[in-house]
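Read-outs throughout are calculated quantities, based only on the coordinates presented, and are distinct from any laboratory measurement. This structure is a prediction, so every number in the text was calculated from the model and none was measured. Positions of Cβ are backbone-derived with ideal geometry, glycine not excepted, and every protein chain shown enters the neighbour counts.
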Amino acid sequence: MGLLDGLAGQVLGQVMGGQGQGGGLAQLAASLIQNGGLNNLLAKFQQAGLADHVASWVGTGANLPITADQLHAALGSDTVAAIAGKLGISHQAAAGGLADLLPQLIDGLTPHGRVDEGAATESNLAALAGKLFS
């Protein structure tokens, strides 16, 4: 495990319980899904050249990982900076934490290998985050 992976793990551990400004990384990741829609979020990753990754998250097989740089390219600097600012963490830590978290959330929202926008409700996202990080 690299230094960045360790840092991302520490960030996830610190903020998953709703601690930190903004209610934690899980809540901010969930808001990315809810505010723009799951299809829109997936399209951003596909447009950034990560179509195979998206297919693995939605599909029923293993999830392909992404790096903080890939996440940054897909979501954009402003989005990552806003999340980092809300949590009081570095830009790189926010990108690394989201790179670890989003594939798992998307995978959990698509258990049957297809996107169902109705699955991305606040209660479903909260329950999924609780399962993944309790």
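Data for the structure
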{"read-out": "Computed label-point distance, nm, for sites Ala51 and Asn63 using a 7 Å Cα→Cβ extension", "value": "2.2"}
{"read-out": "Among 50-63, 89-102, the order from most to least packed when residues are scored by Cβ within 10 Å on average", "value": "89-102, 50-63"}
{"read-out": "³J(HN,Hα) computed for each position of segment 86-97 - Karplus, 6.51 cos²θ - 1.76 cosθ + 1.60, integer Hz, glycine/proline x", "value": "5, 8, x, 10, 5, 4, 5, 5, 5, 5, x, x"}
